[in-house]
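The values are calculated or read from the model by the stated rules, or taken from the named source; none is laboratory data. Bear in mind that the values here come from a model prediction, so they are computed numbers and not experimental data. Reconstructed Cβ throughout: ideal geometry from the backbone, glycine too, with neighbour counts over all protein chains shown. Ligands, DNA and RNA are excluded from the accessible area calculation, which covers all protein heavy atoms including side chains. Shrake-Rupley method; radii C 1.70, N 1.55, O 1.52, S 1.80 Å.
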Amino acid sequence: MKPVLTSPDSVTLDVTGMTCAACASRIERKLNKLDGVVASVNYATEQARVEQHGEGAIGVDGLIATIESTGYGAHLPSDDVEQPDRLAYLRRRLIVSIVLGVPVLVLSMIPAAQFDGWQWVALALATPVATWAAWPFHRSMALNVRHGQATMDTLISVGVGAAYIWSLWALLFTSAGEIGMSMSMSMDVRPAAGDQHHIYLEVASTVVAFILAGRYFEASAKRRAGDALRALLDLGAKDVAVIDGAGVERRVPIEQLHVGDRFVVRPGEQIATDGRVVDGASAVDRSLVTGESMPVEVGVGDDVIGATINADGRLVIEALRVGSETQLAQMAQMVEAAQSGKAPVQRLADRVAAVFVPIVIGLALLTLAGWLIVTGDAERSFSAAVAVLIIACPCALGLATPTALLVGTGRGAQMGVVIRGPEILENTRQVDTIVLDKTGTVTTGTMTLSAVRPMGDLTGPDVLRVAGALESASEHPIARAITKAADEAGPVAPVTDFRNLPGLGVRGTVDGREYEIGRPSAPIDDGGSDGSDSPGRTVVELRAVGDSTELLGHLVVTDSVKPTSAAAIGHFRRLGLEPVLLTGDNIATARAVAAEVGIDQVHAEVLPADKVDVVTELQRAGKVVAMVGDGVNDSAALVAADLGISMGSGTSAAIEASDITLVRDDLMAAVDAIALSRRTLGTIKTNLFWAFAYNVVAIPLAMSGRLSPAIAGAAMAFSSVFVVSNSLRLKRFRPTP
């Protein structure tokens, strides 16, 4: 696998050895100190995304060396790199800590189970747990100390080590080692009975078991959180039946398919790559890529998406895009980029995590000193300090945002909604107005020519021939409808001196005469004999250009409203969004379409530059605006809007300008995009609230002596599992019915 590049000077690296958000923050700070480097390190995805600018770029090897100098490992994402199975690694240590630690816990807390010499048996059982099972924490602490750093593993290692060493000292040099000694464990910190010394072997074993269990379930949940993206990456076909120059089929690996090659797809087979049908007709199941439940009928001339399934007929397809250029690959790249980024709401968590461990160590020392001064009881003081060290590990804080983002964006990809970056989530919460382009967004955009009315010195076929020539160089849906009709009627004349007139039409020379075609120069009032003022019907005008402009004819094209558009408008209102229809079409058509779907505000006969003006006017009025469009003429407005949403059936310019891409050619997908984004943001905020609340409540509780170290370890592990499990609930998000 090649490096995951996000721009010519960007690279994504897999980072190993991170155990908490503080680790990610430390690596990020180290990388960002390099000249010309902008880096973002994500604890949940265990990746660093790095951009290098300027002539002093140190390259991938230099970036890896910088990360390794911080005490962590890094490498390019590659199938050839043999990585240890983290789940198996944690599972082995977890099993040992449970098998040996549970008897230690039982012996320590139940006096009736304490036979003569039990404490020495507990020492023998606890030693492998506190050393071998806890080795990942001790190793991480040693690396951090060598680099003058501290992480949550520092807290765990110090806490477990202190509990074990204190117990060993007590057994060897105090009455705690005497045969017949007994003790019991409580929820809080209590003095030992009489003059006996308390030992903390149950802390040294159960804390390790609890934290390893938390790490294991966390790693398992993180893996499930990334299932959607992995499934997306695995969708592509592995081989393809290519037709060679002699018309013979041969099956080759997908890597050998090139643009322009023709390949066969039989019923039940996967379409290998993005292409155009050149022979055959069939129904295509696009649910794996777009989330659509119903197959779509395709025939000659229709475009198809790679990784979709041919349902019944035999198709011959010409490859248009291959490899990283396909829609599936671009979706995966955008989802991966979004998952590796950081939402604005995470910045506070990152700042807290960066200084949290040193603060906690300071609080533990303060607790130890305070208890010693107040009580003079070294054992109670020690127990309270260890509880502070263990309870305060900032795992939940570091996982709160990235795990929700991981699951939310992955679920969106499964539904045909691609969120470009994590900051988009904040924008969807604030949006209160949604501006909708008409053609291709509210309507199908699949237009057909319904009437040609000559008015000058050209016949009807001549009007169609000239209009088809002019529109052949345009990508607008109206232009495609006219060009298709002209092609079917006969040969289309060549056009020279072609010029696009943004928002007005096009101009060019055909057969030595200059023409232009576009919106009518004056209102059309013919009693609606051709239905031109009905919903979805648009009239364009052909004119001869010279010393004076001569009207040569009208062409009427027909569009229809998408079946789900009216329902989508209703859902937008329920989400608190006011819909606005925006179109370059005539006012009569625009109002008719708006009335059919339930939109009150209409802006018609709007030039592309004016579309931006409409968006900015709404913003100046205090509105937070989302824009949904699919054409080149929507691109500027998509950029100007607070939230740009492009239909996946639209142009690449519109998709590049947008914040969210809808792979489904359905306005209900925009409803799902906003609803899912808001749900994801809500999950992030819930996670952060509980992560902060947990530490705010738990640390003072531990400092006050009301929390034993063993219970502290269990609570810390539970907090991490809670935020990851809460994030996984996003996998159950369902599209709006």
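Need one number: nm distance between label points at ARG620 and TRP169, each 7 Å from Cα along Cα→Cβ, rounded to one decimal.
So the two model labels end up 7.4 nm from each other.
Compare the peptides 435-441, 490-496, 315-321 by average per-residue count of other Cβ atoms within 10 angstrom and give them in order, highest first.
Peptide ranking by packing, descending: 435-441, 315-321, 490-496.
Per 0.36 nm of contour for each residue apart, how much would the distance between ASP547 and VAL106 grow if the chain were fully extended, relative to their Cα-Cα spacing?
148.5 nm
For region 51-151, run through the GluC sites (Glu not before Pro) and keep only the ones in DSSP coil with at most 16 other Cβ atoms within 10 Å of their Cβ. Write down the numbers at each step before the final one.
Working: sites: GLU51, GLU55, GLU68, GLU82; in loops: GLU55, GLU82.
Answer by residue number: GLU55, GLU82.
Quote to one decimal, in nm, the extra length available between LEU87 and THR448 on full extension: 0.36 nm per residue of separation minus the C-alpha distance between them. Let's see the in-between values first.
Working: separation 361, 0.36 × 361 = 129.96 nm, distance 5.75 nm.
Roughly 124.2 nm would be gained on extension.
Please work out whether region 553-611 counts as rounded, prolate or oblate from its C-alpha gyration tensor, where a ≥ b ≥ c are the square roots of the eigenvalues and a/c under 1.5 means rounded, while otherwise a/b larger than b/c means prolate and anything else oblate?
oblate
For LYS484 and HIS53, what does the FRET efficiency come to when R0 = 45 Å and r is the distance between their Cβ atoms, rounded to the nearest 0.05?
0.45
Roughly how much of ARG429 is accessible, in Å² to the nearest 10, using a 1.4 Å probe?
110 Å²
Grab the other residues whose beta carbon is less than 12 angstrom from that of ILE569, score K and R as +1, D and E as -1, and report the net.
Net local charge, ILE569 excluded: 0.
Among rounded, prolate and oblate, which fits region 239-282 when a ≥ b ≥ c are the square roots of the eigenvalues of its C-alpha gyration tensor, a/c under 1.5 means rounded, and a/b larger than b/c means prolate? Mind dumping the intermediate values first?
On the way: a/c = 1.38, a/b = 1.21, b/c = 1.15.
Note, shape of region 239-282 comes out rounded.
Please give the FRET efficiency for ASP613 paired with GLU475, using the beta carbon to beta carbon distance and R0 = 30 Å, rounded to the nearest 0.05.
Result of the calculation: an efficiency of 0.80.
At q = 0.18 Å⁻¹, what log₁₀ I(q)/I(0) does a Debye calculation on the Cα points of region 361-474 give, no solvent, two decimals?
Log10 I(q)/I(0), no solvent term: -1.01.
What ranking, highest mean first, results for peptides 25-32, 248-255 when packing means the other Cβ atoms within 10 Å averaged over each residue?
On the way: 25-32: 19.6, 248-255: 11.6.
My ranking of the peptides, most packed first, is 25-32, 248-255.
Charges only on Cβ, +1 for Lys and Arg, -1 for Asp and Glu: so what's the dipole of region 415-454 about the Cα centre, in debye to the nearest 20?
That gives a dipole near 280 debye.
Alpha carbons only, please: Rg and Dmax for region 32-182, in angstrom.
22.1, 74
How much net charge surrounds THR441 when only other residues with a Cβ under 13 Å from its Cβ are counted (Lys, Arg +1; Asp, Glu -1)?
-3
Quote the accessible area belonging to HIS147 in square angstrom, nearest 10, computed with a 1.4 Å probe and with ligands, DNA and RNA left uncounted.
60 Å²
Which of the pairs LYS623/LYS731; LYS438/LYS731; LYS238/LYS731; LYS438/LYS685; LYS238/LYS562; LYS30/LYS685 have their Cα atoms more than 30 Å apart in this structure?
From the list (LYS623/LYS731; LYS438/LYS731; LYS238/LYS731; LYS438/LYS685; LYS238/LYS562; LYS30/LYS685), the Cα-Cα distance tops 30 Å for LYS623/LYS731; LYS438/LYS731; LYS438/LYS685; LYS238/LYS562.
Working from the pairwise distances between different alpha carbons, so that the mean of 1/r is found and then inverted, what is region 398-455's Kirkwood radius in Å?
Details: mean 1/r = 0.0654 Å⁻¹.
Evaluated over region 398-455, this radius sits at 15.3 Å.
Estimate the FRET efficiency between LYS685 and ARG732 by the formula 1/(1 + (r/R0)^6), using the beta-carbon distance for r and 25 Å for R0, to the nearest 0.05.
0.85
Sorted by accessible area (1.4 Å probe), largest first, how do GLU202, GLU617, GLU514 line up?
GLU617, GLU514, GLU202
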